[in-house]
Structure formats: C-alpha cells, structure tokens
Amino acid sequence: MTSPDSPAPRPRRPSWAGRNYRLLTASAVVTNLGSHGATIAAAFAVLEVGGDAGDVGLVAAARTLPLVLFLLIGGAIADRLPRHHVMVAANALNCLSQAAFAVLVLAGEPQLWQMMLLTALGGTGQAFFGPAAEGMLLSSVEGDQAARAFAVFRMAMQSAALGGAAVGGAMVAVLGPGWVLAVDAVAFAVAGALRSFLDVSHIPARGPGGGMLADLREGWREFAGRSWLWVIVVQFAVANAVIAAAQSVYGPLVARDSLGGAGPWGLALAMFGAGTVAGAVLMMRWKPRRLLLAGTLCVFPLALPAAALAVPVPIAVLCAVMFVTGVTQEVFGVSWMTALHQEIPEDKLSRVSAYDWFGSVAMLPLATALAGPAEHTFGRTPALWGCAVLIVVVTAGALSVRDVRNLTRRTRKVTRDAQDTPVKGELESTGG
C-alpha cells in the first residue's frame, strides 16, 4: 500500500504509444520480417530458373504496375471505409498470393508469367494497404511528440527489415527462395490478424460526399495546392525509380557475379536496415526546425549504393555505404511523415498519401522493365552510374524550391477547421 506522499508511479509507456499505435507497430514488424526476405527470394527465384536481368525486371515491374493503377482508388476508399478493414483485406490478398508463389517455387520450375501474375496480385494488395496504413498511423498520434512516435515506429519497422533481409538472404542461400516466400505468407496472415483489432472510433464519421471522382478531385486539390508536397513527390518519382532499378534488378546480378551471391547481398541489405535503425534513433532526439531542408539534403547519399555497385566495391565497403544511406534515408522519412502529420487534415490523409505513393511509384514499372534493356544497350556499369547521377540532379532541383527549404516545424497540427487556410500561411512557425 502506498502512502499519500509517495510519488505517482511512472507510466510504463509514453503517452503517445496508444493501443492503435502499438498494434500498428507490432504488425509492421511482422510484415517487414517477412517481406524483406521475400524481396530477395523473388529475384533469386527468377534467376534459379534461368532468368536474366530482363526477367527480374519484369517480375519487379509486375508488382509495381498495380500500385500505379490502383493507388488513387485505394486512397479514396481508405478515406471512406474503416481503414483497418481495408488493411486486413489487403493483407489477406498478399498472404494468398505469396503462399501460391511459394507453392509454385517449391513444387518445381515456375513459369515467368505465373511469377508475374502472383507478384501483381501482391502489388494490388499493397496499393490498397499503403494509403490506409499511412492514414491510420498519422491519425494515431497527436501533439508535439509526433515526430518521436514516427521515429520509434520506423525504428521498429526497420529493425525488422534488418533481421528479415539478413535471415532471408541466408535462407535463400541455404533452403532456397520457396521457403522464404512461405514465411512471408505466414507473416501477412499474422499481421492481418493484429490489424483487425485496430480501433477507428476516434476518427470522425465521414459524410457520403459526391462519389469516388469527387473524392479524388478533393484529394488532388489538397495535394496540388502545396508546392513542397508535389515537388518532393516528383523528386521521388525519379529517385525511387532508379533506386529500384539499381537495387532490385542490378543489385542481385552484381551480387551473383562479383560479391558471392544471395548471402552477401542479403548482408548488404541488412546493413541498410541497420542504418535506418540508427537514423530513427537519431531522429528521436534531433528535431530539425526546417523539416524538409534537413530531409532533402539527406537524399543526396541515396546515390551512393548505385555508384558502389557500378565499381563494384568489395562487400565490406558496400555494407558501409548501405549503412550510411540507411541513416540518411531515415532522416528524410521521419521529417516527411512529420510534415504530412502537421499539414494535412485528418479526413484527407489517405487520399493525400495515395497521391504521394502514386507519384513515388509511378515510374517504377517503367524503370524496372527497362533495366534489362538498358544493361544490354549501355552496359551495367554505365547504367548504374546513370542512376546515381539522376538522384543527385532531381534532389538538387527539389532544393531549388523555396517552400521545400522553408517548411518549418510547428507544434499545432492542421485541423479540419483549418483546411482552407492558405498554404503560404502554413509555412509560418509557432515553435522552434
């Protein structure tokens, strides 16, 4: 029994780590453990049946093409229906597609069209899951500790990616890609079960609106009215495309030819994951006042992995490069989530996230599909150097925009009542 003068017991968890936040974090950990190994497994499943760079690129493109086609619809649906229902349904689709992929690989020699079809189903699930998940996460935290909450979330997610890439690469080398794909299917099932317990009662009920097209137009106005938002998305439309070509297509080929195969490549990806964990730890303490200036400066190092693969450097150097890249990517990631959280009204979060995702992946199918022909035309090394140069150019272009440099951290989140505030006013700071 405690006396009246005894100090109040300290809470076991921070105030921002509510039930939804914990469920979202736990389920993200589970899916990242599976999916990062499965990414390696899919590439080596293609190579094991005699595929080349073009085939690896086609399978990667098959996943990203549905993202481009269905993301905007997914965002509109996620702002209309309970977001956790959308997330669970998407996880179920991912589970079934990865399970079928695993069965095909374990049973014999899968055909290229079969792998592309199943990968496309997984991409369709991601198109509906992504905007719903981002909207759910952004609405699950409040106050001036949001940046720390996002940093912790990303640290947990990236720690799982670290383990998933390392274990997945080792499992591909020892057991083959089929078993890694099976593990990913189980991970999606577990994550979907966790997400079914999310509570959306705190989210205000949405009116019937004017239909899907009206919702998309409203989301577009919210997106296009902020120059910092669409400029960064355009930047990452190019940057993500060339990063995907370098790491999803050329990376496994360089690993096979010069680094020793799936195991070393999995280690390099794991070091990237370790860097993201370190970056998240950094962002738990560092709160840059100019959010996007700090974040965008940290995009320049994303050119380093492509340059390292172009040389190619020894695996130890590549691991160091991947670690540094992971740190800087996480600085951008936390800064970006904080900017969205403070600037975008809650009832438009999923639609704006959908436009963000759409722009960020719009060029992925083209880049991954053309990676093989580019290698045949120019050579692998020039193609990788071209990827590095493009990242530097588009990042410099983003920094030339004033609103990107000047967007300032604030302590007050935009509310529904503040939706119509001019964008220029939103750049004014109320806190350091």
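The values are calculated or read from the model by the stated rules, or taken from the named source; none is laboratory data. A quick note: this is a predicted structure, and the numbers were derived from the prediction, not measured. Note that we place each Cβ from the backbone using ideal geometry, even for glycine, and neighbour counts take in every protein chain shown. All accessible areas refer to the heavy atoms of the entire protein, side chains included, with ligands and DNA or RNA removed. Shrake-Rupley method; radii C 1.70, N 1.55, O 1.52, S 1.80 Å.
Can you tell me the Rg and the Dmax, both Å, for the Cα atoms in the range 91-233?
Rg then Dmax for the range 91-233, in Å: 19.1, 55.
So what is the 222 nm mean residue ellipticity for the chain from helices alone, if each DSSP H run of at least 4 adds -39500 (n - 2.57) and you divide by all residues, rounding to the nearest 500 deg cm²/dmol?
The per-residue figure over the chain is -24500 deg cm²/dmol.
What does the convex hull of the Cα atoms of the range 255-385 come to per residue, in Å³, rounded to a whole number?
About 123 Å³ per residue, rounded to a whole number.
Using only protein heavy atoms and a 1.4 Å probe, report how much of Phe378 is accessible, in Å² to the nearest 10.
Here the accessible area works out near 140 Å².
What list of ³J(HN,Hα) values in whole Hz, one per residue of the range 60-70 in order, does the Karplus curve 6.51 cos²θ - 1.76 cosθ + 1.60 (θ = phi - 60°) give from phi, with Gly and Pro shown as x?
Coupling constants for the range 60-70: 5, 5, 4, 6, 7, 4, x, 4, 5, 6, 10 Hz.
Please build a GNM for the chain, connecting alpha carbons under 10 Å apart, and tell me which residue among Arg83, Arg289, Arg154 fluctuates the most.
Arg289
How many nm is it between the label spots at Leu282 and Val49, if each spot is 7 Å from the Cα in line with the beta carbon?
4.1 nm
Can you pull the three principal axis extents for the Cα set of the range 317-387, in Å, largest first?
47, 29, 13
Based on alpha-carbon centroids, what's the gap between the range 274-339 and the range 72-143 in Å, whole number please?
26 Å
log10 I(q)/I(0), Debye, Cα-only the range 25-104, no solvent, q = 0.22 Å⁻¹?
So the normalised log intensities are -1.20.
Match the structure shown to one of the listed values (i) 56, 25, 22; (ii) 33, 29, 20; (iii) 34, 25, 23 of semi-axes √(5λ) of the Cα gyration tensor in Å, computed from it, and give that label.
Identified label for the calculated read-out: (iii).
Using heavy-atom solvent-accessible surface (probe 1.4 Å) with all chains present, what is the largest-first order of Phe323, Phe150, Phe332?
Most to least solvent-accessible, the answer reads Phe323, Phe332, Phe150.
With an 8 Å cut-off on Cα pairs and a minimum separation of 6 or more residues, tell me the relative contact order of the chain in percent.
Result for the chain is 26 percent.
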